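Structure record follows, encoded as structure tokens.
The values are calculated or read from the model by the stated rules, or taken from the named source; none is laboratory data. Owing to the predicted nature of the structure, the values given are computational and were not obtained by experimental measurement. Positions of Cβ are generated from backbone atoms using ideal geometry, with glycine treated the same way; all protein chains shown enter the neighbour counts.
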Amino acid sequence: MAQKTYGDLTVILPTYNEGGNIQSMLETLDSLYPGASIIVADDNSKDETPELVRSFAASHPKARLLSRDPSDRGLTASIMEGIAETRTKLFVVMDADFQHPPGSVGGMYDLLAEGADMAVGKREDKASLSSSRMLASWGANALARSYLAVMRRPTTEDTMSGFFGGRTDKCQEVITKYGRKFERAGFKVLFDILKFLPRDTVVRELEFHFSSRRAGKSKLSSRVILSILRQCGPAGKAAALGVNFLFINMLGRYISALVLGLTFTFALMGTLNVAYDDHLVNSTILAFVLAMAYLVVANKYLFSHGKRDRLIIGMKMVFTGFTGFLISLFFFYMLFSTSYNVQTWPMFLGFGIAYLWNTLSSVIPEK
């Protein structure tokens with residue numbers, strides 16, 4: 001029986017610092033899919049990734065390195081350029097870190113060969129994801145699917161999948177016409193492609209086991225979350241600005257935590273019928289301002305330096321919360337020492353609310 005060949009298929013591998021994986025991935029794909037072309041769209045890796053690809057391509061003419069403009073960074077931009085450079089009828093995009101199984105590329109190819117316009121790998125087991133990443137993935141997928149449903153565009157159960165394939169001519173046409181509207185510096189190009197494909201596009205899915213990385217580090221960060229929001233039209237862009245200001249920007253975190261804490265404090269005082277005058281109000285606000293300023297600066301420094309394991313993060317949270325509480329207590333009584341009959345615990349509950357907001361914002365990775 002003649003061996004099946006894949007001369008009408010191109011596998012696109014977007015890479016950034018995948019030196020620990022790329023050689024093995026290229027050899028695996030070459031062995032599994034004879035005749036297939038391979039494009040490595042490298043996003044200006046700082047490790048040995050480009051050299052390893054060039055070395056492999058020297059003896060495998062259907063494999064090539066796509067060296068990209070360093071001023072045009074981004075996973076989406078890499079994949080867009082890879083698709084634009086594809087010369088075969090079909091293509092499949094996958095990661096080079098083995099989280100997308102090379103053995104499933106054949107199944108994606110079969111779906112496309114049978115008539116599908118797009119084939120999407122649906123992760124059937126996300127056990128290798130951390131709980132925070134699994135929650136973020138679920139939220140992002142729900143947001144993207146809702147947007148596509150409202151816009152009446154083709155969708156899939158896993159719009160955040162980075163493992164997908166398509167008919168080259170259809171996707172190249174979308175990129176040519178609408179590429180300027182893509183979140184080019186973003187991370188989820190499948191979502192952008194689905195937004196502009198015709199409504200009658202046939203999308204088929206292939207379940208696959210989502211594995212752990214063999215080497216290297218995950219690139220997940222707050223930038224991914226903001227990028228997905230910006231992909232959801234004008235309202236999403238506005239939401240991204242708000243999230244960036246409230247959760248990531250230091251000044252925004254400070255203002256939002258301060259307002260939240262003070263609102264909670266004075267609301268609780270009002271329900272308790274606490275009598276307070278201008279001196280109490282001014283003292284409470286000033287104590288909050290000083291204590292929250294300390295917390296924001298302390299958290300910014302503590303959570304962006306050193307180890308990030310849970311025990312150390314927990315210790316940092318206890319330290320900043322306790323010292324911030326003492327600062328708030330000290331300044332409140334220093335400024336309001338003439339009246340000891342005022343119930344101060346509403347202020348400290350409000351401070352605790354503000355502290356939790358600030359701390360949760362601080363632990364979101366920014367890069």
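Here S283 does not qualify as polar (S, T, N, Q), within 36 Å of the chain's Cα centre (by Cα), at pLDDT 70 or above and in a helix (DSSP H, G or I). Restricting attention to region 250-263 and to residues that are at pLDDT 75 or above and surrounded by fewer than 16 Cβ atoms within 10 Å (Cβ to Cβ), the residue that is nearest to M25 (Cα to Cα) turns out to be L251.
A298: modelled with pLDDT of 75 or more, part of a helix (DSSP H, G or I) and either farther than 26 Å from N244 by Cα or in contact with a strand residue (DSSP E or B) (Cβ under 8 Å, 6 or more places away or on another chain) (or both), yes or no? So A298 fails the test.
Among the residues of region 194-226, those identified as more than 22 Å from P101 (Cβ to Cβ), within 18 Å of the chain's Cα centre (by Cα) and modelled with pLDDT of 55 or more are S222, R223, V224, I225, L226. Candidates are the residues of region 20-46 that are more than 22 Å from the chain's Cα centre (by Cα) and either assigned to a loop (DSSP other than H, G, I, E, B) or outside the structural domain of R73 (by TED's automatic domain parsing) (or both); the one that is surrounded by the fewest Cβ atoms within 10 Å (Cβ to Cβ) is P34. When T49 is tested against the conditions (1) among the hydroxyl-bearing types (S, T, Y); (2) farther than 19 Å from A119 by Cβ; (3) more than 29 Å from the chain's Cα centre (by Cα), the lone failure is (3). Of all residues in region 8-17, those being outside any strand (DSSP E or B) and at pLDDT 95 or above number 1. Restricting attention to region 84-111, the residues that are basic (K, R) and assigned to a helix (DSSP H, G or I) total 0.
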